[in-house]
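Enquirer: Quick one: structure below, then a few questions.
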Ligand SMILES: Cc1cc2nc3c(=O)[nH]c(=O)nc-3n(C[C@H](O)[C@H](O)[C@H](O)COP(=O)(O)OP(=O)(O)OC[C@H]3O[C@@H](n4cnc5c(N)ncnc54)[C@H](O)[C@@H]3O)c2cc1C
């Protein structure tokens, strides 16, 4: 196609966007990655990755996660607590979780994208997309407004994706609010990621994560629910105090953001959505980083296969079907399960893998 500056413009430099840029630039595509945040931008996140993630990330981005991106304790056990409390709780056997610094992880990926040959622009927000013979975007950076054109757009701009809103203005993206607090270390906890399942605290999940010199606690709640997310966090703290001697002393930080809590949307035409923008996040654990990177790979493969001639959405949706079906089933589970079901879920998880 003529009159274009890049093969692909990726909007959003989180894990989904950076992994897409790495995959495409490594294959020789001319890629522009536009990120509205500055270098080392922090995204509210627990910063934990499941057991399989490092190997998968390495396969896709071509390098292993460096030590300085990891946080102490670098490896955590997985500990589940059912509605009935600590007496029936325990570690999931033969499983571990990786603890990372989210700001450094994202910057590491953006740097890899640049090393692979992508043009990476920080402090640059995409404020409009228009379709002519190809796609034109308008970028607002601190000094100026510029435009860029490409054959493909990848919307990797997170759960509140403006690319998705532009494509499907009539469909609001369902979300779950996740609020988390960083506390000075307290309580009787092992070096584990704790998942707490109790309907009067969260319909989906509550969690605790030990970080180098703090403890994160958090939970997911649907918007406008009563009690609201802040009141539910007070309940969580009270439960942790009773069961695990959690005594809140100093609150270091409090933050909230959202995760998708709906369905997978692959995009339209030559505009592909990846990661949270596509609705790919696990509503039972809040895990989204691995899904972001996996969807990035599928979207990149579809773009490479399309070679500018075909609509890549079909290939992408087919490649990602396993993930999107999993998200659908977990959504259904979260929306219908009661405390008996949560109790059974934890019991089954704890009896596995022996
Ligand atoms: C409180 C909380 C805790 C979580 N904990 C975990 C966890 O421990 N482990 C896990 O796996 N997942 C966790 N998640 C989910 C995880 O953070 C997301 O699934 C993941 O960040 C999705 O990656 P992404 O690249 O799709 O989107 P994002 O990481 O949101 O990246 C989107 C990027 O796009 C940029 N952007 C947005 N709009 C524009 C624009 N118009 N122009 C340019 N740039 C733009 C943003 O600045 C951002 O950098 C958590 C989520 C929340 C809210």
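Enquirer: If only one of 340, 311 is more than 8 Å from the ligand (Cβ to nearest atom) and free of Cβ contacts under 8 Å to residues at least 24 places away in the same chain, which one is it?
Expert: Working: 311 fails: free of Cβ contacts under 8 Å to residues at least 24 places away in the same chain.
Just one listed residue meets the conditions, 340.
Enquirer: Every residue in region 267-282 that is under 22 Å from residue 132 (Cα atoms) and within 14 Å of the ligand (Cβ to nearest atom), please.
Expert: 267, 271, 272, 273
Enquirer: Looking only at region 183-239, count every residue that is farther than 24 Å from residue 72 by Cβ and out of contact with any strand residue (DSSP E or B) (no Cβ under 8 Å at 6 or more places or on another chain) and tell me the total.
Expert: So the count comes out to 10.
Enquirer: Sticking with this structure for a sec: In region 289-317, which residue that is part of a loop (DSSP other than H, G, I, E, B) and out of contact with any helix residue (DSSP H, G or I) (no Cβ under 6 Å at 6 or more places or on another chain) is modelled with the highest pLDDT?
Expert: Going through the qualifying residues, I end up with 311.
Enquirer: Give me the pairs, please: first residue somewhere in region 229-244 and closer than 12 Å to residue 207 by Cα, second residue anywhere and assigned to a helix (DSSP H, G or I), beta-carbon distance under 7 Å, and either six or more positions apart or on two chains.
Expert: Close Cβ pairs satisfying both conditions: none exist.
Enquirer: Sticking with this one: All but one of (1) within 13 Å of the ligand (Cβ to nearest atom); (2) at pLDDT 90 or above; (3) in contact with a strand residue (DSSP E or B) (Cβ under 9 Å, 6 or more places away or on another chain) hold for residue 173, so report the exception by its number.
Expert: It is condition (2) that residue 173 fails.
Enquirer: Okay, moving on. Taking the conditions exactly as written (under 21 Å from residue 49 (Cα atoms), within 14 Å of the ligand (Cβ to nearest atom), outside the structural domain of residue 216 (by TED's automatic domain parsing) and crowded, with 24+ Cβ neighbours inside 10 Å), does residue 285 satisfy them or not?
Expert: no
The values are calculated or read from the model by the stated rules, or taken from the named source; none is laboratory data. Please read all numbers here as calculations on a predicted model, not as lab measurements. Positions of Cβ are backbone-derived with ideal geometry, glycine not excepted, and every protein chain shown enters the neighbour counts.
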